[in-house]
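Visitor: Here it is, the structure in full.
The values are calculated or read from the model by the stated rules, or taken from the named source; none is laboratory data. Predicted model, so just to flag it, every value in this text is computed and none were measured. Reconstructed Cβ throughout: ideal geometry from the backbone, glycine too, with neighbour counts over all protein chains shown.
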Amino acid sequence: MRDAPVIFIHLHRTCSLLVLLCLLHISVTVIYYMIRSELTEQIVASEESSVPAVSNVIKTEQKQDTCPDSPPRLVGPLWVEFSYPVSLGLVGFENPALQPGGRSKPTDCIAQQKVAVIIPFRDCDEPLKYWLYYLHPILQRQQLDYGIYVINQDGEDPFNRAKLFNIGYAEALKEYDYDCFIFSDVDLIPMDDRNIYKCYNQPRHLSVSMDKFGFRLPYAQYFGGVSSLSKEQYLKINGFPNNYWGWGGEEDDIFNRIDSKGMSISRPDGIIGRYRMIHHDRDKNNQPNPQRFKQISHTRQTMARDGINSLTYKVVKIEKDQLFTKITVDVGKP
Ligand code: UD2
Ligand code: MN
């Protein structure tokens, strides 16, 4: 009987030891599973964080693709009218993605061309609002990497449309590596967004079918209104003439330059190339140039020394609006 408590104590110790061992085992197991689950979570988390990284890579690769020849968001024929007023505020509101200077480029692909749109300008604020209102959405749908340059002739001397185009070419290139140039009157609005504002294998005449001329080409060599030339095509003809002061003749001189260098004119068809012109009276400082017939008969002799290689002007002011860059210039006198 004396041994009973001893056995009991012994048993008790053994049980305690067992309980302790059990507890230790449980703790170790719990700790093991805790660490394991933590590790698993970390692995899952790191796998999860690697998912967006992978899709980012895919996205970046997608961004590298060049935009297609036929931009997918084009709608075709457009309703164009000038009976209600538009404001620059409205244009800004409707084109929130524009960058200062009226710049834009596609976000989902690399634009095929970098396009500078050059507009010769003086005292034409109302037509300019319509132009921006209609053209910004079109140019964005056409997936172009573009900027708008309004070249404003300072002073009251006769207007010089072609020289303003040359200045626009030179000034735009100071800002960005453009490879295509659109030369557009401020008052011409395309009626079909399939008329793409880019450059082609040959110099392009875009405004082939204007309401002003009963939606027909006035004559086969006509190159007025809206045209496009790649940098290479423009340099091949030494740019445009600088000495056509007043209305008319400069567009025929440009045609002669293109023709004399063995290039032809590319055009859209008469449906896609439809345009509306915002009605206006001729400005008092843009009277017909009386020299024009004599001048265009000598293009082939004068073009090598009169053009982008002989261009002189002074920049008076550069203004960066959200919708366009306005460059006021002193073009000199006749
Ligand atoms: C026609 C041609 C134009 C050009 C011109 C002869 C059409 C549609 N257009 O224009 O491409 O060949 O004849 O030089 O046939 N401008 C101003 N402020 C002025 C004057 C002119 O901003 O005070 C700019 C403006 O961009 C205007 C462009 O020069 O759209 C041509 O002048 P216009 O529209 O007064 O003459 P228009 O329509 O006869
Ligand atoms: Mn006009």
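Visitor: Enumerate the pairs (first residue in the stretch 73-96 and within 25 Å of I272 (Cα to Cα); second residue anywhere and among the aliphatic types (A, V, I, L, M) and surrounded by 13 or more Cβ atoms within 10 Å (Cβ to Cβ)) with beta-carbon separation below 7 Å, excluding pairs fewer than 6 apart on the same chain, so at least 6 apart or on different chains.
Guide: Taking only residues 6 or more apart or on different chains, the pairs are P77/M191; L78/M191; V80/I189; V80/M191; F82/I278; V91/L132; V91/L323.
Visitor: Okay, moving on. Could you grab me the full set of residues in the stretch 184-216 that are farther than 17 Å from L135 by Cβ and in a strand (DSSP E or B)?
Guide: H205, S209, R216
Visitor: Tell me which residues, restricted to the stretch 174-196, are more than 16 Å from ligand 1 (Cβ to nearest atom) and closer than 19 Å to E319 by Cβ.
Guide: Within the stretch 174-196, K174, E175, Y176 meet the criteria.
Visitor: Only one residue in R305, R282, R267, R276 is over 30 Å from K212 (Cα atoms) and either surrounded by fewer than 17 Cβ atoms within 10 Å (Cβ to Cβ) or within 27 Å of the chain's Cα centre (by Cα) (or both), so which one is that?
Guide: On the way: R282 fails: over 30 Å from K212 (Cα atoms); R267 fails: over 30 Å from K212 (Cα atoms); R276 fails: over 30 Å from K212 (Cα atoms).
Checking each option against the conditions leaves just R305.
Residues checked against (1) within 26 Å of R103 (Cβ to Cβ); (2) in contact (Cβ under 8 Å) with a residue 24 or more places away in the chain; (3) away from ligand 1 (no atom under 12 Å from the Cβ):
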{"site": "Q143", "(1), (2), (3)": "yes, yes, yes"}
{"site": "F159", "(1), (2), (3)": "no, yes, no"}
{"site": "L164", "(1), (2), (3)": "yes, yes, no"}
{"site": "K198", "(1), (2), (3)": "yes, yes, yes"}
{"site": "R204", "(1), (2), (3)": "yes, yes, yes"}
{"site": "Y222", "(1), (2), (3)": "no, yes, no"}
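Visitor: Now a separate question. All but one of (1) under 25 Å from K231 (Cβ atoms); (2) in contact with a helix residue (DSSP H, G or I) (Cβ under 9 Å, 6 or more places away or on another chain); (3) part of a loop (DSSP other than H, G, I, E, B) hold for V315; which doesn't?
Guide: For V315, the failing item is (3).
Visitor: Taking F240 as the residue in question, decide whether it is assigned to a loop (DSSP other than H, G, I, E, B), modelled with pLDDT of 95 or more, surrounded by 15 or more Cβ atoms within 10 Å (Cβ to Cβ) and within 16 Å of ligand 2 (Cβ to nearest atom).
Guide: Judged against the criteria, F240 is not a match.
Visitor: Taking the options F165, F181, name whichever one is under 19 Å from I265 (Cα atoms), away from ligand 2 (no atom under 16 Å from the Cβ) and outside any loop (DSSP other than H, G, I, E, B).
Guide: One residue alone meets the criteria, F181.
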